[in-house]
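*Asks:* Dropping a structure here in structure tokens format, bear with me for questions.
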Amino acid sequence: MGEWWTAVPTETSMGSYEISSISHVTMSPSRQNNLMSMYSSAGLSKSSYSVISAFCTEDNIPQCISYISQELASLGLSSTCIKASSPGGAGLDTVPALNAMYELLQIHRRNMCTLEELEKEQLKKSNTLEQMQMSNSRLKDQLELSIREKSGLHETERQLHLKIKTLQSCLKTEKDEVQKLQSIIASRASQYSHDAKRKEREAAKLKERLSQLLVERRDKKLAIDVLNSLGRSDGKRSHWKTTKVTASHEDEMYKSLLSDYEERQRALMLENTELKKVLQQMKKEMIHILSPCQPSTRGATAEDSQADSDGEEKAGDSSREMLDQSCEHAREQLTNSIRQQWRKLRSHVEKLDNQASQVQNEMESNNEVIPKEIHEDEMEKMRCEVQQCKEFIHTQQLLLQQQLNTSFDDETAALLNDCYTLEEKERLKEEWKLFEEQKRNFERERKNFTEAAIRLGREKKAFEEDCASWLKNQFLNMTPFTDRRSCSSSDGQSALSIRSEPEMRMSSTKAQLAKSLTYATVSTPKPTQSASVPSTAELYRTLRLMPDSSSSRHSHRGRWQESSTIEGGDTRVKSKTRVRCGNIFSLGEDENSLT
Amino acid sequence: MNFSELFKQSNQLCKVSPDGKYLATCVQYRLVIRDVSTLQILQLYTCLDQITHMEWASDSLFILCAMYKRGLVQVWSLEQPDWHCKIDEGSIGLVSSRWSPDGRHILNTTEFHLRITVWSLCTKAVSYIKYPKACQKGTDFSRDGCYMALAERRDCKDYVSVFVCDDWHLLRHFETETQDLAGLEWSPNGCVLAVWDSCLEYKVLLYSLDGRLLSTYSAYEWSLGVKSVTWSPSSQFLAIGSYDEKVRILNHITWKKIAQFDHPATINNAKAVVYKEVERRTAVGSDDLSLHNITIGTTLFNTQSKYEICPLPVQIPVVKPDPDRANPKIGVSTLAFSSDSRYLATKNDNMASVVWIWDMQKMNLEAVLEQTSAVRCFQWDPRRPRLALCTANTKLYLWSPAGCVSVQVPTEGGFQVQSLSWHGSGDSLILLGKEQLCLCFMDTDQEDKAHLQSQDGKQTESQEMDPVSTSEHHPPCTSKRP
């Protein structure tokens, strides 16, 4: 980048020098203007004007003209193009001047274009250069890295080599040690065995010596003292030690050995015969099993298998005959036939196994992954079926239409009508039922509403009465006989108010209400409105459709003062259920409105 | 099940005669002969010193009593109480004394195994056998009493000599391919002699009666080897217990291993039944806690126990042996076949409280008995597949294919069963304590009935039998007590 930037000014300065050298000859002030014109054409119009004004004055027009014509000629334009309109005058022949100007402009534009292109190219070049430099540096970095890596690997390799060497030396020393230890062990063992032998020999010698000494001493104590000798346990007399006796001992020994072997042989024989019996039995059963199922399973090879089994049976018979003889031949035959049979059985079992596995595979494929062919087959089948069904339906429809169109006699029409009417009737019935239900709901609601209205009216009346009595009291209190009135106010109240018991209750409930409304006043700023509040409470009640007034009031209180009573909980539940009821009713209303 | 009262004994010397009629017990320097059925004292012999060994002759007519310290052997006759015989080995010393199978010869091994002296009671003749080897089991008589195999050591090599017991004629003498022979044992039919090497090397050699080497078996190398060897009564199997906690069974035809029984610490073999002894303290009321009760005996401290069938898998307590000590407590040290060769009972030393019972027909684990304390001794009934075991407490334990029973021995004074042995008929058991003994009579008829009943329901739960304290059929002997 830097290089490029530094290169450009020198180039331009070169150009400028060239121009200036020319301009210098004639005009010194034009020097900078040319420079300026080289740079920007946009700036030319503004600055050049002032420059031109400086360049050409009223006085030096002919010089200017001549200069310009010279310049133009040097640029290769027609030198005669710019001439003074009148020789020696200040005017200028306009057409050639304009032409020259135009040409100059053209040249200038072309130059600008080329310059631009060059600049662009330069930019591109510089960009590519930059990229190249970047990639170059990157590659350099990579190279450096890989070189470093390589050296690291070299280092590790070297270390590993060292390690291997040390380990090898270790191994060698260990091996040496093992060998040494082994040799030590061996030498110790040999030493030990040698010592042991020596000790044993010594001990033996000592024993010998001891026994000799003891024998020589003729130990008096060494004796047997028997009252009278006993007879042999078998009642025989003892024998002399002769060769005959020793021979008989040998005989005895061999006899016992022989008898043992004989017994063993007998046992083996027994076992053998048992095994043979089992083999025979097995063979028979095998033949029995194989012969009936062979034709069915093999089919094509049934005949030769039959022949085989025949042959085998024969062989079996013969072997059975020869069993008693128990000669080599019979045994061979038996084992051969058994082997054959066994092979057959095995192949049969394998086949069965294969079948079973196939069946299982099918089962599995049904369960999990259906083989493609089966799947396609099935699909094809299904498609066929669907097609058939469609066709069937189509024909049915066609037939029905035909019947309707062609043979539209009264009977069928009546029948059809009947059908339609029946259906319609049914539908109407259902609708009727629905309507009835809705009606009933509506009725119930209305009843509730009227009840509530009646109650409201009654309460209003009571309130009015109360109000009147209160006013009366107030009025009476305002009279000069206050003290008398006050002491017997309660009495007066009871005496003055001629009320039935339910009304009494009403008043009491109203008092409660008033109490509860002290909380309500928070929301209602006007205490004077308290008279109208009970009616709103009633409205609440009616809206929530609470038949029991007292409980409704409780619930109200419960809502307002959450922790007021123990009953609060369940009353709230009650209220909830009621709310739900209300919803149902409202729904019913909606339905009504819809219908 | 009835129990007799306690009798005194010393050195655990108490043996029933081979014909099953008499019971001989040693009390210090006296030998007491009782009738097994009545427990009446029949004879009383007095020896010269405290008896250290006692043995019946095969014909049940004579008893030898050895006093090893004095180098003395005294023989008593049951038929002729006046008859006596005294053998003095003198200053050469005595470490072992035994009858020959004919009951007319006595074989005494001298100190340092210098020699074996054979004394004949018929002719008073003495013969010596030199170079006997001092090892685990250096001599063995064949079951029919014809032959005696003796391990010898000469010139640092092992030899086996086979003698004819009739006249002590040396029948065969051959060198064995062992480093250090540890033991030998005749097969019950007397035709094969099994010889095994010391524990340093796993090697079992099988020799024919005529000295031919039939087979050699070695399961592994470089580790402690054979710990115990036992023939099955049918001579079909040879069971080898080793330090690797396994039992290997060889067959008698090819002498190859046909089965291997591991003793794992965790049992999850679904075919096996694991019986676990569960102790339960008897509830004692506060008023019972009087001084009287405490002084009377151990009834207060005796806990009742019963077997419970554990659901699998079962973890068995294992004691890790000290590897730095010789003869580590690990491996199968005790093997016993039932009389019908049907079952094999084993004990692995690092699982001391457990007895394993293997089925030899199915070749798998049949039952595992996990006791609360270490098993001291177990023995099969000589007639039935029934195993009796004891764990040095006041209880007797019995196993049969039908189930498992724990029986409290109804005695006073803290009688602890240290060891036990069956009567030849399988009708009674001798329970040996430290200084006492007690006879336990099996009620065979009832037993059989119970057996039959329990056969229906394969594995009936282990029922606890209430011990009957006094025997009805066998009135306890109180007449003469030594």
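*Asks:* Along its principal axes, what span do the Cα atoms of segment B:180-284 show, with the longest given first and each in whole Å?
*Replies:* 66, 33, 30
*Asks:* Considering the Cα positions of segment B:1-67, please state its Rg to one decimal place and its Dmax as a whole number of Å.
*Replies:* 11.5, 38
*Asks:* I would also like to ask the following. Leaving out ligands, DNA and RNA, and with a 1.4 Å probe, what % of the accessible surface on chain B is carbon or sulfur?
*Replies:* Working: 9930 of 20410 Å².
Carbon and sulfur atoms account for 49 percent of the accessible area of chain B.
*Asks:* Averaged per residue, what accessible surface does segment B:1-130 expose to a 1.4 Å probe, in Å²?
*Replies:* 36 Å²
*Asks:* On a 1.4 Å probe surface of the protein chains, which of A:436, A:157, A:263 comes out largest in accessible area, and what is the full order? Before the final figure, lay out the partial values.
*Replies:* Working: A:436 65, A:157 90, A:263 120 Å².
Descending order: A:263, A:157, A:436.
*Asks:* Measure up B:227/B:347; A:207/B:227; B:15/B:137; B:306/B:395 against 18 Å on the Cα-Cα distance and list the ones that go over. If you can, show how the numbers build up before the last one.
*Replies:* Details: B:227/B:347 11 Å; A:207/B:227 29 Å; B:15/B:137 21 Å; B:306/B:395 10 Å.
Over 18 Å Cα-Cα: A:207/B:227; B:15/B:137.
*Asks:* Can you give the mean number of other chain Cβ atoms that lie within 10 Å of the Cβ atoms in peptide B:248-259? Don't jump to the answer; show the numbers that get you there.
*Replies:* Numbers: counts 0, 0, 0, 0, 1, 3, 0, 0, 0, 0, 0, 0.
Neighbouring Cβ atoms belonging to other protein chains average 0 per residue here.
*Asks:* Sticking with this one: Please compute the net charge surrounding residue B:379, taking Lys and Arg as +1 and Asp and Glu as -1 over other residues with Cβ under 13 Å from its Cβ. Walk me through the intermediate numbers first.
*Replies:* Numbers: positive: B:347, B:376, B:383, B:384, B:386; negative: B:381.
Local net charge: +4.
*Asks:* Can you give the FRET efficiency for residue B:59 and residue A:362, using 1/(1 + (r/R0)^6), R0 = 60 Å, r = Cβ-Cβ distance, to the nearest 0.05?
*Replies:* Numbers: r = 81 Å, r/R0 = 1.34.
The calculated FRET efficiency here is 0.15.
*Asks:* Kindly report, to the nearest 10 Å², the accessible surface of residue B:441 as traced by a 1.4 Å probe over protein heavy atoms only.
*Replies:* 10 Å²
*Asks:* Put +1 on the Cβ of each Lys and Arg and -1 on the Cβ of each Asp and Glu in chain B; which of B:164, B:373, B:151 then has its Cα farthest toward the positive end of the dipole?
*Replies:* Looking along the dipole axis, the top candidate is B:151.
*Asks:* Using the Karplus curve 6.51 cos²θ - 1.76 cosθ + 1.60 with θ = phi - 60°, work out ³J(HN,Hα) for each residue of segment A:145-151 in order, rounded to whole Hz, and write x for Gly and Pro.
*Replies:* 4, 5, 5, 4, 4, 4, 5
*Asks:* Sort out for me the Cα centre separation of segment B:407-432 from segment B:31-46, rounded to whole Å.
*Replies:* So the separation of the two Cα centres works out to 18 Å.
*Asks:* Moving to a separate point now. Please compute, for peptide B:92-104, the average count of beta-carbon atoms on other protein chains lying within 10 Å of each residue's beta-carbon.
*Replies:* Numbers: counts 9, 1, 0, 0, 0, 0, 0, 0, 1, 1, 3, 3, 7.
That average works out to 2.
*Asks:* So, taking all protein chains as they sit and a 1.4 Å probe, how much accessible area belongs to residue B:417, in Å² rounded to tens?
*Replies:* Its heavy atoms expose roughly 0 Å² to the probe.
*Asks:* For segment A:452-475 and segment B:149-225, write down the distance between their C-alpha centroids in whole Å.
*Replies:* 130 Å
*Asks:* A follow-up question, please. Go through B:131, B:202, B:29 and list them by solvent-accessible area, largest first, probe radius 1.4 Å.
*Replies:* B:29, B:131, B:202
*Asks:* I need the phi-derived Karplus couplings for segment B:60-65: 6.51 cos²θ - 1.76 cosθ + 1.60, θ = phi - 60°, integer Hz, Gly and Pro marked x.
*Replies:* Ordered by residue, 3J(HN,Hα) equals 6, 9, 10, 10, 9, 10 Hz.
*Asks:* Something else about it: Run the quick spin-label model on residue A:112 and residue A:261: label points 7 Å from Cα toward the beta carbon, then report their separation in nm to one decimal.
*Replies:* A separation of 13.4 nm, rounded to one decimal place.
*Asks:* Output needed for segment B:1-130: three equivalent-ellipsoid semi-axes, defined as square roots of 5 times the C-alpha gyration tensor eigenvalues, in descending order, whole Å. Don't skip to the end; give the middle numbers.
*Replies:* Values: eigenvalues 141, 49, 31 Å².
Semi-axes (√(5λ), whole Å): 27, 16, 12.
*Asks:* For chain B, count the residues as N, evaluate 2.2 N^0.38 Å, and divide the Cα radius of gyration by that value, please. Write down the numbers at each step before the final one.
*Replies:* Details: Rg = 23.6 Å, N = 482, 2.2 N^0.38 = 23.0 Å.
The reported ratio for this selection is 1.02.
*Asks:* Still on this structure: So what J values fall out for segment A:458-473 if you push phi through Karplus, 6.51 cos²θ - 1.76 cosθ + 1.60 with θ = phi - 60°, rounded to Hz, Gly and Pro as x?
*Replies:* Values per residue, Gly and Pro as x: 4, 5, 4, 4, 4, 5, 4, 4, 4, 4, 4, 4, 5, 4, 4, 4 Hz.
*Asks:* Which stretch or stretches of segment B:306-335 have amide N atoms under 19 Å from the point lying 7 Å from residue B:280's Cα along the Cα→Cβ direction?
*Replies:* Residues B:306-311 qualify, since their backbone N sits under 19 Å from the label point.
*Asks:* Hey, what did segment B:1-130 get for relative contact order, percent, Cα under 8 Å, at least 6 apart? Numbers along the way, then the final one.
*Replies:* Working: 279 pairs, mean separation 16.7, N = 130.
Relative contact order, segment B:1-130: 13 percent.
*Asks:* Stick to Cα atoms and the Kirkwood definition of Rh, then tell me Rg/Rh for segment A:166-230.
*Replies:* Values: Rg = 26.7 Å, Rh = 16.9 Å.
Ratio of gyration radius to Kirkwood radius: 1.59.
*Asks:* Can you give the helix-only mean residue ellipticity at 222 nm for chain B, where every DSSP H stretch with n ≥ 4 adds -39500 (n - 2.57) and the sum goes over all residues, rounded to the nearest 500 deg cm²/dmol?
*Replies:* Calculated at 222 nm, the ellipticity per residue is -1000 deg cm²/dmol.
*Asks:* I need the peptides B:356-368, B:104-116, B:79-91 ranked by packing, meaning the mean over residues of other C-beta atoms within 10 angstrom, with the highest value on top.
*Replies:* Values: B:356-368: 18.6, B:104-116: 21.0, B:79-91: 16.2.
Final packing ranking: B:104-116, B:356-368, B:79-91.
*Asks:* Moving to a separate point now. Can you tell me the relative contact order of chain B? Whole percent, Cα pairs under 8 Å, sequence separation 6 or more. Intermediate values should be presented prior to the final figure.
*Replies:* Values: 1189 pairs, mean separation 57.3, N = 482.
RCO, chain B: 12 percent.
*Asks:* Please check segment B:38-87 for residues whose accessible area, probe 1.4 Å, is lower by 30 Å² or more when all protein chains are in place than in their chain alone.
*Replies:* B:83, B:84, B:86
*Asks:* Need the per-residue list for segment A:187-204: every residue with at least 10 Å² less accessible surface in the complex of protein chains than in the chain by itself, probe 1.4 Å, sorted by number.
*Replies:* Checking the loss per residue gives A:197, A:200, A:201.
*Asks:* Next up: For the A and B pair, go ahead and give the buried accessible area with a 1.4 Å probe, both sides summed, in Å² to 100.
*Replies:* Working: alone 49510 and 22310 Å², together 67890 Å².
Using a 1.4 Å probe, the pair buries roughly 3900 Å².
*Asks:* Provide a whole-number value for the mean count of partner chain Cβ atoms within 10 Å of the Cβ atoms in peptide B:110-117. Kindly include the intermediate steps, with their values, before the conclusion.
*Replies:* Details: counts 4, 1, 5, 2, 6, 4, 0, 2.
Per-residue shielding by partner chains comes out at 3.
The values are calculated or read from the model by the stated rules, or taken from the named source; none is laboratory data. In this text the structure is predicted, and so the values were computed from the model without any measurement. Positions of Cβ are generated from backbone atoms using ideal geometry, with glycine treated the same way; all protein chains shown enter the neighbour counts. Ligands, DNA and RNA are stripped out before the accessible areas are found, and what is left, the full protein with its side chains, is counted by its heavy atoms. Shrake-Rupley method; radii C 1.70, N 1.55, O 1.52, S 1.80 Å.
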